[in-house]
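Each remark here refers to the structure printed beneath this line.
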Amino acid sequence: MTKVLRTVAAALAAIAGVAFAGAAAADPPLLNGTYGSSDGDPYNVWTFVTGCAPAGCTGTVTSNQGWSTPATLSGGRWNFTVSKPGGLTCADGHYEPAVVSMSVDPTTLAGVLSSDSNYGCAGGVVTQSPFQLQKVG
């Protein structure tokens with residue numbers, strides 16, 4: 001009976017080891033393909049090319065508006081930043097350059113866009129807006 005119990009215990013330990021090893025080695029969530037906003041805005045289409053190496057996960061985001069920027073995976077979200085001339089409208093209606101940072105959850109495709117123009121608009125302007133992506137290609 002003791003030999004049977006030892007055999008069962010060893011088998012269970014081996015199964016548990018394989019199960020936990022598989023969970024620990026799960027691949028990070030990549031974001032690859034072409035995505036647009038869920039409202040169908042044709043002016044915001046981004047193509048993501050991402051991958052992971054032992055040093056971390058990185059990629060490139062290219063927009064149909066003519067810009068391309070590096071992306072990094074941090075905290076389970078893909079993050080990238082773009083400097084846009086005339087990217088922010090000030091309270092008086094004129095445009096100023098803005099640093100636009102975006103963060104996307106690769107599982108839900110929910111994102112947050114943050115614009116910062118503290119140096120150009122009187123009093124500084126920082127805005128945040130949620131957005132939702134959908135795969136279009």
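Annotations
- For THR127 and ALA53, the difference between the fully extended length at 0.36 nm per residue and the C-alpha to C-alpha distance is 23.3 nm.
- At R0 = 41 Å, FRET efficiency that the Cβ-Cβ distance of CYS90 and LEU30 yields, to 0.05: 0.65
Each value in this text was obtained by applying a stated rule to the coordinates, not by laboratory testing. Please read all numbers here as calculations on a predicted model, not as lab measurements. A quick note on method: Cβ atoms are made from the backbone with ideal geometry, for glycine too, and the neighbour counts reach across all protein chains shown.
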